Amino acid sequence: MPCSRGSFLQATKRNWSPTYGANPAAWEPGISLVAHADTADSPELAGYVLLSRCWVGSWPALALATLAVHPNHRGRGAGTTLVHQALELAGKLAQETNAPTSVIVLGDPAYYCRFGFRPAAHSGVRAYIDGMTPAELAQNLQALNLTPDYPPLAGEVTWPAEYRLDQGDDL
């Protein structure tokens, strides 16, 4: 299933530009992918993935959000292909910048462990999101260190305002 770099942001610019496009610090250019399924007439959108920016403590990191696969294409490897390719691009970015880089995801551990994600709390990564219990966050917040020459990032995760998460910063 071919994936094309950047097509998602271009194809849905109206949907993303009011949020991510207005703040270039909120998303990582070039790490957005779309998967097309080959059909007889034309390629059909099968899914997409976006890696945006976040911070762990004072270090920049990446957040894997959003991953979506059309129901007609679930179970066929579209999501797996998208995540593998996005992480490959993120790894190349980490090598280019020669800085410690982690990817954070808030999702199903049974799905994301196949890509190397581990519970974020094991490396000292934590988050606060209003409406989620500490147990829910501990179970679903995961991290992947892309730079093994550096220790994993540790600290509290903060996402850009464009995520519209209540992270308790108004307390």
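The values are calculated or read from the model by the stated rules, or taken from the named source; none is laboratory data. No experiment lies behind these values; they were computed from the predicted model shown. Cβ placement follows ideal geometry from the backbone for every residue including glycine, while neighbour counts extend to all protein chains displayed. Accessible surface areas use protein heavy atoms only, side chains included; no ligands, DNA or RNA. Shrake-Rupley method; radii C 1.70, N 1.55, O 1.52, S 1.80 Å.
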*asked:* Can you tell me how segment 100-159 classifies by the Cα gyration tensor, rounded, prolate or oblate, using a/c under 1.5 as the rounded cut?
replied: oblate
*At what distance in angstrom do the alpha carbon centres of segment 133-163 and segment 112-132 lie from each other?*
5
*For TRP27, which sequence-distant residues (separation of 5 or more, or a different chain) have an amide H within less than 5 Å of its own amide H, given hydrogens modelled in the peptide plane?*
ARG53
*Using a 1.4 Å probe, what is the accessible area per residue for segment 24-171, in Å²?*
52
*Relative packing of 80-92, 106-118, 49-61, which averages over residues the other C-beta atoms within 10 Å, highest first*: 49-61, 80-92, 106-118
_Around PRO60, under 15 Å between beta carbons, what's the net of Lys plus Arg minus Asp minus Glu among the other residues?_
-2
*For segment 43-104, what % of the accessible area comes from carbon and sulfur atoms, probe 1.4 Å?*
52
